[in-house]
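Notes follow once the structure below has been shown.
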Amino acid sequence: QVQLVESGGCLVQPGGSLRFSCAASGCIFSINVMGWYRQAPEKQRELVAKIASGDRINYADSVKGRFTISRDNAKNTVYLQMNSLKAEDTAVYYCNVVGAPQYRSPPYSYWGQGTQVTVSS
């Protein structure tokens, strides 16, 4: 079993900042990609940012220049620094880890429980 433990979300004012963390633990042999997705009410889940092996990073256009993703491989932890938050960033944020549970096994996608971020004055 693999567990993803996310830090809690909160209510923040527009222009504010938040920092998320997500730690993967349990039976996982290797991690390929760590990232964050979000889902706003009545919208589909969308990629926010992801970081792959070799520190290849992708951001959604809507967060470029405002959000920064990073990872600590020794701790199997991914971070998301969110600055200049906007009302449209309001959503449930989900941590995602793609990794192999065992040596030579195919990769599997694991999801965190989700954490609510509300940007409002």
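The values are calculated or read from the model by the stated rules, or taken from the named source; none is laboratory data. As the structure is a prediction and not an experimental result, all values here were calculated from the model. Don't worry about glycine lacking a Cβ; one is built from the backbone with ideal geometry, like all the others, and counts go over all protein chains shown. Heads up: the accessible areas ignore ligands, DNA and RNA and are worked out on the full protein's heavy atoms, side chains in. Shrake-Rupley method; radii C 1.70, N 1.55, O 1.52, S 1.80 Å.
How many nm separate the modelled label positions at residue 39 and residue 64, each set 7 Å beyond the Cα in the direction of the Cβ?
2.7 nm
Using a 1.4 angstrom probe, figure out how much accessible area the chain has per residue, in square angstrom, rounded to the nearest whole.
Working: 6720 Å² over 121 residues.
Spelled out: the 1.4 Å probe surface of the chain, per residue, equals 56 Å².
Using θ = phi - 60° and the Karplus form 6.51 cos²θ - 1.76 cosθ + 1.60, what ³J(HN,Hα) does each residue of the range 11-16 get, whole Hz, x for Gly and Pro?
Values per residue, Gly and Pro as x: 8, 9, 7, x, x, x Hz.
List the equivalent ellipsoid semi-axes of the chain in whole Å, largest first, each obtained as the square root of 5λ for an eigenvalue λ of the Cα gyration tensor. Display every interim value, and only then the final one.
Working: eigenvalues 132, 38, 31 Å².
For the chain, the semi-axes come out at 26, 14, 12 Å.
What ³J(HN,Hα) values, in whole Hz, does the Karplus curve 6.51 cos²θ - 1.76 cosθ + 1.60 give for the range 87-97 when θ = phi - 60°, with x put for Gly and Pro?
4, 6, 7, 4, 4, 8, 9, 10, 7, 9, 10
Which percent of the accessible area of the range 9-64 is formed by carbon and sulfur heavy atoms (probe 1.4 angstrom)? It would help to have the intermediate numbers written out before the result.
Values: 1560 of 3290 Å².
Solvent-exposed carbon and sulfur of the range 9-64 make up 47 percent of the total.
Once you keep just the Cα pairs under 8 angstrom separated by 6 or more residues, what percentage relative contact order results for the chain?
It comes to 36 percent, rounded to a whole number.
Karplus couplings for the range 114-121 from phi (6.51 cos²θ - 1.76 cosθ + 1.60, θ = phi - 60°), rounded to Hz, Gly and Pro as x?
With the stated coefficients, the range 114-121 comes to x, 9, 7, 10, 10, 10, 7, 8 Hz.
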